Amino acid sequence: MTEQTIDLAPGTTAPPRDFGPLTRQMFVRYSGASGDLNPMHYDDTMARAAGNPSVFSQGMHQSALLATFATDWLGAEHVRRFQVRFREQVWPDDVLTCTGVVETVTDQADGSRLVTVSLTCSRQTGAVAISGSADFLIPGGAPA
Amino acid sequence: MTTTTPEASPVGAVGTPFEVYVERGKIREFAAAMQSDNPAYQGPEAIIPPTFLTTATMWAPPGSRVTVGFDRRRLLHGEQEYVFHGPLPRAGDRLIAQERVVDRYTKPGKRGGEMQFAVVVTEFRNEAGDLVAEARATFIQTAPKGDAS
């Protein structure tokens with residue numbers, strides 16, 4: 001892995017990344033991968049019977065997309081904490097935008113830095129589907 | 001009360017420890033579902049993605065998990081957190097998972113009634129017994145309809 005050489009001061013933002021338009025196939029793929037076989041996410045008949053206009057994405061599916069965004073930004077092997085809060089449902093054909101900002105950077109005794117970021121996954125309407133935060137432990141030794 | 005909602009495990013209740021095998025193919029499948037082409041999730045040394053431990057429940061034998069005890073029709077997953085106490089687990093690792101109910105509390109519902117919360121932490125230990133990861137789930141049971149005060 002190449003180490004990050006990007007600036008990691010508080011306030012630093014990551015380039016936003018879009019996922020979608022989301023498809024039912026994506027929901028099914030996440031159902032199988034995760035083992036969450038709740039039919040609300042792939043069976044329109046059952047989803048409508050429960051009062052929904054259609055199937056909808058798993059909150060943990062959106063969280064996984066947000067995790068893809070965050071790990072590509074700060075390094076998959078560096079993550080030490082990843083937290084999400086589920087705020088709004090996400091539907092087929094939605095386009096999600098993931099954004100992140102560095103909140104704090106704490107120098108560690110061994111020269112590494114603990115970087116805490118806030119993360120957001122928003123729908124095309126601007127409404128927040130997932131808000132979250134994460135800690136990444138960035139090794140020292142990389143040129144500043 | 002519904003006849004189908006099982007009795008809730010109290011705060012402090014623990015489940016039975018169960019084995020979780022971290023597998024290369026499952027990581028690859030999960031990475032595809034999260035639309036990640038990160039090389040860290042490929043190959044024999046693949047590490048796990050941040051939310052991968054959600055798949056651990058597939059290894060839980062019947063009866064090994066704690067019971068949240070909420071009505072499924074009013075059940076929401078409110079928050080989820082994963083903490084890693086060192087390098088991430090990787091393909092080939094054998095972990096021991098155990099659930100614990102760490103908190104229960106209530107809040108007034110937005111439209112009256114009472115919302116109930118339950119927090120379940122799953123600990124993941126390696127074969128040496130070291131705590132390597134924790135998953136913290138917050139579940140919500142919304143207030144019953146027609147219970148506005």
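A short reminder: the numbers here are calculations on the coordinates, not readings from a lab. Note that the coordinates shown come from a computational prediction; the quantities given were computed from them, not determined experimentally. No Cβ is skipped: glycine too gets one built from the backbone with ideal geometry, and neighbour counts run over all protein chains shown.
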Using Cα pairs under 8 angstrom and six or more residues apart, how large is the relative contact order of chain B, in percent? 29 percent
Sorted by packing (mean other beta-carbon atoms within 10 Å per residue), highest first, where do A:18-24, B:54-60 land? B:54-60, A:18-24
Could you let me know the centre-to-centre spacing of region A:53-76 and region B:29-81, using Cα atoms, in angstrom? 12 Å
Rg over Rh [alpha-carbon atoms, Kirkwood Rh] for chain A: 1.06
Set of lysines near B:LYS145 by C-alpha distance (under 23 Å), chain-local residues within fewer than 8 positions excluded: B:LYS107, B:LYS110
Between helix B:24-33 and chain B, what is the angle of the helix's C-alpha long axis to the longest principal axis, kept within 0 to 90° and rounded to the nearest 10? 60 degrees
Starting from the exponent 0.38 and prefactor 2.2 Å, build the expected Rg for region B:18-141 from its residue count and divide its actual Cα Rg by it. 1.19
For helix A:59-74, report the angle its Cα long axis makes with the longest principal axis of the Cα atoms of chain A; keep it between 0 and 90° and round to the nearest 10°. 20 degrees
Expected 222 nm ellipticity per residue - DSSP helices of 4 or more, -39500 (n - 2.57), all of chain A, to 500: -7000 deg cm²/dmol
Let me know the mean shielding of A:75-88 by other chains, meaning the per-residue number of their Cβ atoms within 10 Å of its Cβ. 6
Just rank A:VAL84, B:VAL66, A:VAL128, fewest to most, by other beta-carbon atoms within 10 angstrom. A:VAL128, B:VAL66, A:VAL84
Got a sec? How would B:TYR41, B:TYR21 order by Cβ neighbour count within 10 Å, fewest to most? B:TYR21, B:TYR41
In µm²/s, what is D for region B:12-66 at 37 °C and 0.692 mPa s, where D = kT/(6 pi eta Rh) by Stokes-Einstein and Rh is the Kirkwood radius from Cα pairs? 264 µm²/s
Work out the mean other chain Cβ neighbour count within 10 Å for the residues of B:50-57 and drop it here as an integer. 6
Counting alpha carbon pairs within less than 8 Å and at least 6 residues apart, what relative contact order, in whole percent, applies to chain A? 28 percent
Mean projected area in nm² (Cα convex hull; one quarter of hull surface) for the protein assembly as shown: 16.6 nm²
